Amino acid sequence: MRNWLGRLLRKERHHSGEADSVPVSSPGPVWSDPGIPDEERAVLLVCLLEDSTALEDEREEAAWGLEFLSGPFVEAALIRAVRDGDFRSDLAQACAESLAGIWAREGQADAAFLAELRGLAKELIFGILGGRAPHLLPPGAL
């Protein structure tokens, strides 16, 4: 993904002076260009995540990158990917980890989706939340 995303992010874009002053707080090498707002980053990564023609490792890397972003758009994409992977594919696992990371950081989780979880995705999400935000787990989950 770094190659694909790197090529995409290097494309010329017209920026206003205001857009250049927007701070970007996301860490990591993918986030090194401060001229790209988090909202645009989220769209690019979700597009890659949902691109069935992309390489699997690129899609997984996009899923991991989404952990550093937030919002209903990002969470909905991660939830769709977990469901599409039948809660157990490698991509579903990467998405589950990122989703749990977002929830732990934001301090809230989707209770309906937590109840729907099963298999390895459930183990991953419950494990991450148990370590970082146990108050978000359903009663009796620990």
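Per-structure values
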quantity	calculated
Over the stretch 30-142, relative contact order from alpha-carbon pairs under 8 Å, at least 6 apart, %	20 percent
Cα gyration tensor, the stretch 76-142 - rounded (a/c under 1.5), prolate or oblate	prolate
Förster radius 22 Å - calculated FRET efficiency between residue 43 and residue 70, Cβ distance, rounded to 0.05	0.95
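Read-outs throughout are calculated quantities, based only on the coordinates presented, and are distinct from any laboratory measurement. A quick note: this is a predicted structure, and the numbers were derived from the prediction, not measured. FYI the Cβ positions are ideal-geometry reconstructions off the backbone, even for glycines, and counts take in every protein chain you see.
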